[in-house]
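Structure, as structure tokens:
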Amino acid sequence: MQPAVIAAHGQISIREPEIEHKGTKLSFQAFDLYTTRFGGHLNDEVERLLFGEIDTKGATAIRAWINGSEVQRHSSFHDFFSYMDAQKLRTPKGLDWITNQYSGLSQVELMAEMQRLRTMHATMWNECVREIVSAKKSTIKFLVSDHPVCVYHGELSPDAPECQYPSDPGIELIGSHTIFPLDADHCLILTNLEFAENPLAGVSLTSRTNARFRGSGLARTDALIRGRELSSGEVVAINRILKARARQYVAASTREWLFPDRANTDAWRDLGKVLHPGRNLWKFGGETYIGYEDGTTEYRDKFGRTISHDHLAKKPPAGKLLIGDQCGCGSGLRYGECCESITPLLRPSWDVYSIRERNLMLCNAARDILDLNKGATWDDVRRNLSDDQVKKLHEIFVALWPRDTRIADLLPRPQTQRLRAVFIGITDPRTLGFSGIGMLPYLDELVLVHPFINGAAMKPEFSPLHTPAQFKEQLLSNVFLLFQLEPQIYRGRVHLVPDPIDYDLDYRDEVTSIVEANRDKVEMGLGDKWLVDLISRDLHLQTIKRLPETALKSHLRKLAPEMNAEQVSAVYDSFKRDSEEDQLALLQPPRSDKKGAFFAQKGFNRETGLFMAAMTGSIILVESDMQWTRLHMPDPGAAQEEKSEWATALRRLPQLRANVPDGAYAHLEAPPNASASRKLLRSIFAAAWKDDREALPLITSRLDAILAEEGETADGLTLSLIPSMPVGGFRRNDVSRLLITFGRSATLKPTPLAFFLKKNWLNQNDEH
């Protein structure tokens, strides 16, 4: 090979590029890039054992893709994309990108995260339209870059905020192309199918359908477009993109080739014309049905989904929305207070039904299936609830939240003008009024885990789709809570979000591995024991009170042999009256097959709670002593000390009281000072999110004004808000990985603030 000519790229150096004549091996290298240090011992196993094998197989795969047969390309398909993904993430720019997504990674942690992420692009690349273009007839050849796998988007020029070093446009954006020169004469171009089919649709800045960085996919290995010979001008256009996305160096065998930006001065969006694969797309897309020897079948649509999602699609609003219009994302809010301030690139999806819309659909389906729209009362439901009704409602839930749901496309986006909170606690109607829903007057929005379970992702013997009789009591509780929350769901103030663990098997595997690796041993606190005892005692009494008369009286005699027949009858009558008045009690005798009932206490765990909080820009509310302790357990790279500038203000916050209902599911009217407290908490969150220390005097004065109010009381119970604000927020490396692979490509801040909801009616210590 002729000595390469190396040019320093302007992303790192603002000086005139320096030209050096040396071989690429001497230029495209960095010392100890993957080396880890343990004391005085240096370890290069990542480079030798991991990348050594990847490079060896990758070289064979590259040759197969350039000159090989379909059989050779098929056998090297996985190795090729594994190598390509490594070429995107293991470069200095790729490592800088990983570091930018986390906080305070050591070299050992960086190498560990790189290995965990190194195949994150492969699934979506496999589903792209693949084309290899040739420069054999061109007098100019493809550049070599120190970041060889680059991404181009016509609407995101190199100086766009989304493309500032070390970021590239996300491959999940419909209009993104991935470019990978295979050698001087051949270049692979990957184009998202939706853009290839309709490049003029005007949605290039939205995410492609079923965008995901984890999960399986299905691709035809023989689907490859070849034969297009590029002119010298077209090669220059691609080289201009390669140079713009490089970190520091590009190389060529001829000096003039190093300056494609001088030879081509087209508008950035016009460079994409050479990347479009044309109309020869017949091998890509379509539906695929798979049959196995055991008689089972499998289905994939053209976006890799296992079922059709057509029933969840909706038409986005036509034309430009006005500030007072309903927002196109389906949040129920006005456009001006929702997506208007969020760039289209970062908005929730406008072309599928939102979380709110799906929950309202579930409410309507429940009324239909339970005959409430035909005159039935809630007592009728409690008496006549059938297995078929239980099954149908869970089938509706599965249809609304199928296994291929991308929750990141639906969650509300961070914004500081509204105070949003994620509740890490149990979504149970018996206790939610004391904590999560009880806090609603002090918040703008509340994110709760959905109480329904997804039967499609469960073993048949534990699924309501197959054993509905075991889920009657649970369904009654879930539907009751759903109806109680419906007014706030409609207003866009409550978001019932299904736990991704319930339907996303890849997310479940990732969280399971995190939990297995940590194995935190935390004992239950007084508050946890109180909640567990309250719920378990109520469930136990409900079951006893449902016993037939003979069985219940026999049970009472065993419990209290000293009671006479008249006393037993009196207790029996009292129990039956209690059941009639208890809106959560099923008015049917227990099952006679002794299989019992299935109860699921749903709540976000620490990792998913932090994931949801970062995705939605929320504070965290915790009612569990155990979860509060786990939230503050140390994580590598995560500072736990409190911000000194905020210490004084935060120390006074426990004096702030929140009034919650006693024995009700929601406030009948807003408690005193709720509006002022909400404004205070909103200002604290906004300042914490921006680390705005100049806002502290205003926050202090507002707190003083609220605490100075005397004589205003409200019926119910009170919570003290115990704050926590670690340096850098509640960040964890494992949660950062979840945000990268199951969230969004844009860097997301960890939530800066959490509150423990201390129940003042319990004899708890002040330390949590």
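What list of ³J(HN,Hα) values in whole Hz, one per residue of segment 249-265 in order, does the Karplus curve 6.51 cos²θ - 1.76 cosθ + 1.60 (θ = phi - 60°) give from phi, with Gly and Pro shown as x?
Calculated HN-Hα couplings, in order: 10, 10, 9, 7, 8, 10, 4, 5, 5, 6, 10, x, 6, 8, 7, 10, 10 Hz.
With Kirkwood's inverse mean 1/r over C-alpha pairs for Rh, give me the Rg to Rh ratio of segment 368-461, two decimals please.
A ratio of 1.03.
So if I average 1/r over every pair of distinct C-alpha atoms in the chain and take the inverse, what Kirkwood radius in Å does that give?
Taking the inverse mean of 1/r over all distinct Cα pairs, the chain comes out at 29.2 Å.
Under unit Cβ charges (Lys, Arg +1; Asp, Glu -1), what dipole magnitude, rounded to 20 debye, does segment 241-285 have relative to its Cα centre?
Dipole magnitude for segment 241-285 comes out near 200 debye.
Show me 646-653, 117-124, 307-314, 485-492 ranked by packing, highest mean number of other Cβ atoms within 10 Å first.
My ranking of the peptides, most packed first, is 117-124, 485-492, 646-653, 307-314.
How far is helix 77-89 tilted off the main Cα axis of the chain, in degrees rounded to 10, range 0 to 90?
90 degrees
For residue 174, what is the net charge nearby, where nearby means another residue's Cβ is under 11 Å from its Cβ and Lys, Arg count +1, Asp, Glu -1?
-3
Among the DSSP beta bridges whose two residues both lie in the chain, what percent are antiparallel, rounded to the nearest 5?
75 percent
Would you kindly state the longest site-free stretch of the chain, with sites defined as GluC sites (Glu not before Pro) in a DSSP loop (not H, G, I, E, B) surrounded by at most 16 other Cβ atoms within 10 Å?
That gives 19-286 as the longest site-free run.
Give the angle, between 0 and 90 degrees and rounded to the nearest 10, that separates the Cα long axis of helix 674-690 from the longest principal axis of the Cα atoms of the chain.
20 degrees
List the trypsin sites (Lys or Arg not before Pro) within segment 170-248 that DSSP assigns to loop and that have no more than 15 neighbouring Cβ atoms inside 10 Å.
Sparse-neighbourhood loop trypsin sites (Lys or Arg not before Pro): 220, 226, 228.
Ignoring any ligand, DNA or RNA, what whole percent of the accessible area of the chain comes from carbon and sulfur when the probe is 1.4 angstrom?
Using a 1.4 Å probe with all protein chains present, the chain comes out at 51 percent carbon and sulfur.
Rounded, prolate or oblate: which fits segment 78-161 when a ≥ b ≥ c are the square roots of the eigenvalues of the alpha-carbon gyration tensor, with rounded for a/c under 1.5 and prolate only if a/b beats b/c?
prolate
Amide H of residue 187 versus every other amide H placed in the peptide plane: which residues, excluding those fewer than 5 positions away on the same chain, fall under 5 Å?
Amide H to amide H, under 5 Å and 5 or more residues apart or across chains, residue 187 pairs with 133, 182.
If segment 460-505 were replaced by its equivalent ellipsoid, with semi-axes equal to the square roots of 5 times the Cα gyration tensor eigenvalues, what would those be, largest first, whole Å?
In descending order the semi-axes read 25, 16, 6 Å.
Quick one: of 679/759; 273/315; 141/302; 472/553, which pairs are farther than 26 Å apart, Cα to Cα?
Violating the 26 Å limit, Cα to Cα: 273/315; 141/302.
Using a 1.4 Å probe, what is the accessible area per residue for the chain, in Å²?
Using a 1.4 Å probe on heavy atoms only, each residue of the chain averages 45 Å².
Add -39500 (n - 2.57) for each DSSP H run of 4 or more in the chain, then divide by its residues: what number comes out at 222 nm, to the nearest 500 deg cm²/dmol?
Using -39500 (n - 2.57) per qualifying helix, the result is -11000 deg cm²/dmol.
The values are calculated or read from the model by the stated rules, or taken from the named source; none is laboratory data. Small disclaimer: the values here were computed from a predicted structure and weren't measured. With ideal geometry, Cβ positions are generated from the backbone for all residues, glycine too; neighbour counts draw on all protein chains shown. These accessible areas exclude ligands, DNA and RNA; they are computed on the full protein's heavy atoms, side chains included. Shrake-Rupley method; radii C 1.70, N 1.55, O 1.52, S 1.80 Å.
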